[in-house]
Amino acid sequence: MATFDFDAVVVGGGVAGACTAALMAKAGFNVCLLDQRIPNPPDDETSARVVALSLGSQRILNHAGAWSLLGEEHATAYGEMRVESGQGVLRFRADEHGLPALGWIVEIPRIQHALWTVLKDHPKVSIQAPSHWHDWSPIEGGIKIRLADEKGDLTASLTTRVLIGADGAQSRLRQSAGIETTQWDYNQRALIGPVTTETPNPGMAWQRFTPLGPLALLPLPDGQSSIVWSITNTEADRLAKLDPQALVETINEVLVESHPHASKTHPTLDPITPMGALAQLHQAHWLPLKRIRADRLIGNPDQGPLVLVGDAGHSVHPLAGQGLNMGLADAAALVECLNAADQTKNMDSEQPWQKALVRYNRWRLSASTLNASGIHFINEISRAPMGLGKHSLGLSFMVANRLWPVREAMIQKACGIDRDSPALAQGGQPKTSPSAK
Ligand SMILES: Cc1cc2nc3c(=O)[nH]c(=O)nc-3n(C[C@H](O)[C@H](O)[C@H](O)COP(=O)(O)OP(=O)(O)OC[C@H]3O[C@@H](n4cnc5c(N)ncnc54)[C@H](O)[C@@H]3O)c2cc1C
């Protein structure tokens, strides 16, 4: 078999790419991670960019060696999840499903920093950052990629058995491979930021479909919550002009309006939020929302072994908190497929990983499309006029809440531990590749 500088070159050191690199290295492969910038170390202030990570993602990050570096104080577990629409409520408790937690709220810069710390210390990893790729082309059994500095002058040429694109939703690698995308602009923006509520958040991920859009409060350390409120661009333009206190008052009004008679007709529903009214919004950021779906997650066979993970392959609406969870499942699934191919394959085959990539594409394209379409569907329904969407969603929540098998299937899926999830996410241990150097 031909020799290569690396088993894998990963373009993009966001959480999905850095985790893919760490899992590849852990499996015994030589990896090069390339990013156009070196991420700043997290500072003491809580970042507005937090994500809800599922149990499956926690297991993947734990295996990659990053979870223990985060520190308990930076991963806030939630044992309860509540979703409300109209008079319908869907409730989940980790203990009822025999789970340690339903998920954890983590700041993106911290988890990225933990992964980069793992990678910097790993003997099988080389980090090229800040660095850009100039071009890439197929070679026998792999790909050659040339790097350039900011001025465009070539700096290095590397060969690899697989080229992994983890360069985010606007992936340049995806575009260069001619992989088409289907895109939906939601004409929505998400308000995000840490908030203080009347009473501390007890470790609950809570979401209500308000008339303006879904509003979630996710638990942060010290009883604070992180708000994620997705609303139309027109409303966002109007609300972004308000000072923070006026914005908080407006949000409280919308929350009350979304349940005008909650305490009378449905005493278990809280009129504002389970944590009372919002008191203070600490930093407000507005992020545009778009769904992007790559039509395939691998290059054509004649392009050599190229594959996409994370937002490079799919970015989704945040209402189900699944985007990065899907990216981490991609990372684990890819390493699982490559490893399995190395366990069973004919080592003399010219392109031993090509079949593994086809399997990855089939697996993750269908899983991510199914997830993303479900999320898209809920968002579209919730926006139906005259409160129709809100009430039909509420009705389905009411029904689902009473059907235990449905609840169990939903929680397995939401926690990323269902039978379609990578073995690592389900609690299994992947093997080390026999061909790893
Ligand atoms: C409001 C909001 C809330 C969300 N909440 C959740 C949640 O609760 N749970 C969840 O799972 N997900 C959530 N998501 C989704 C999640 O934030 C994304 O899915 C995730 O951050 C994407 O990670 P990534 O590593 O794939 O891409 P990115 O984070 O975009 O990383 C891409 C990396 O590639 C690098 N790069 C780009 N171009 C190049 C190049 N040409 N050369 C070299 N390097 C390059 C960049 O520097 C960057 O480091 C949310 C998203 C939004 C908008």
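The values are calculated or read from the model by the stated rules, or taken from the named source; none is laboratory data. Nothing here was measured: the structure is a model prediction, and the numbers come from that model. Cβ sites come from the backbone with ideal geometry, for glycine too, and all protein chains shown count toward neighbours. Keep in mind that these areas ignore ligands, DNA and RNA; they rest on the heavy atoms of the full protein, side chains included. Shrake-Rupley method; radii C 1.70, N 1.55, O 1.52, S 1.80 Å.
List of remarks:
- Only one of Ala18, Ala129 that is surrounded by fewer than 17 Cβ atoms within 10 Å (Cβ to Cβ), in contact with a Leu (Cβ under 8 Å, 6 or more places away or on another chain) and touching a residue at least 60 places away in the same chain (Cβ under 8 Å): Ala129
- Of everything in the range 296-317 that is part of a helix (DSSP H, G or I) and buried (at least 22 other Cβ atoms within 10 Å of the Cβ), the residue that is farthest from the ligand (Cβ to nearest atom) is Ala312.
- The range 215-257, subset of a type in the set (A, V, I, L, M) and over 22 Å from Val50 (Cβ atoms), residue surrounded by the fewest Cβ atoms within 10 Å (Cβ to Cβ): Ala246
- Counting only residues that are away from the ligand (no atom under 14 Å from the Cβ) and modelled with pLDDT of 95 or more, the range 143-168 holds 7 of them.
- Listed by position, the helices (runs of 4 or more DSSP H) inside the range 1-99 whose residues that are over 24 Å from Asp342 (Cβ atoms) and within 16 Å of the ligand (Cβ to nearest atom) number at least 3 are 55-63.
- Test: residue in the range 109-125 that is within 13 Å of the ligand (Cβ to nearest atom), part of a loop (DSSP other than H, G, I, E, B) and either touching a Ser or Thr at 6+ places or on another chain (Cβ under 9 Å) or among the aliphatic types (A, V, I, L, M) (or both): no
- Total residues in the range 189-214, condition under 14 Å from Asn379 (Cα atoms), among the hydrophobic types (A, V, I, L, M, F, W, C), open to solvent by less than 30 Å² (accessible area, probe 1.4 Å) and away from the ligand (no atom under 12 Å from the Cβ): 1
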